[in-house]
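Worksheet: the structure to be examined is printed underneath.
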C-alpha cells in the first residue's frame, strides 16, 4: 500500500490491514504511528519525512527487514532493539544521540545514522554484516568500534571530530573498490601522512580534506517530490 506524498496525519484506519507486507507513508504529516502496532506481517515500512518522535509502536513488527525513518524528530530508538530481522535501517536527520539499542541488530547490511548528535559508536562494533554505514555530520571522535566491521564497502564519516583513523587501517576488510569518506574532520598528521596512504595502497578510495557535500547529503537536502525516487528507495 502506497500512501506517500499526501497530507495524511491520521493513519488509524490502517490498523485493521493486518495482512499488509509493504507500506509506504513517507512525506506526510504523521506524528502518531500507534495504529501500526498490530501490522506484524510488514516487511517493508517507509515513514521518512514526517513528524514522528515516538517509535514505540514499531517494537512488535519483528518481520521488518527494511525500515526508513529519516527526516523525523526521533530521539529514542530503544523500541527498535527487537527488530532483529532488519537488514536496512535509515535513521538519518533525527535527534538521536544514543545508538546502544541497535547493538543486537546483527542482520543489518545497511545502516544510516547521519545528521544526528551521536558521539559514541561503540554499540555498532558487532554489526559485522554491515556493508554500508553512514555516520556523517555527528560528533564522533573515536572510531575504534569500526575496526571489526570487516564487510564494509562504503563508509561515510565526514563532518565529525575524528583525528585518528588508525582503526580503519586495522580493519583489514577495507580493500580494493571500497570507499571511505573522512572529509571535514580534524585529521592528525599521522592520519594524513600514514594512515590514508596505507588505505589507498590497499585499493581503498579515501575522500579527505574539505570538499563538497557527499551525494547522500545533497539528496537529503532535496525537497519532495524532486527526490521521490531517492526518498522512496526506488520502490513503493
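A short reminder: the numbers here are calculations on the coordinates, not readings from a lab. Given the structure is predicted, the values throughout are model-derived calculations rather than measurements.
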In whole Å, what are the Cα extents of the stretch 74-190 along the three principal axes, biggest one first?
-> 41, 27, 19
How big, on average over all directions, is the shadow cast by the Cα convex hull of the chain, in nm²?
-> 11.4
So what is the relative contact order of the stretch 96-212, in percent, for Cα pairs below 8 Å that sit 6 or more residues apart?
-> 19
Value of [θ]222 nm, deg cm²/dmol, for the chain, DSSP H segments ≥ 4, -39500 (n - 2.57) each, nearest 500 = -2000 deg cm²/dmol
Per residue, what volume in Å³ does the convex hull of the Cα atoms of the stretch 1-62 enclose?
-> 67
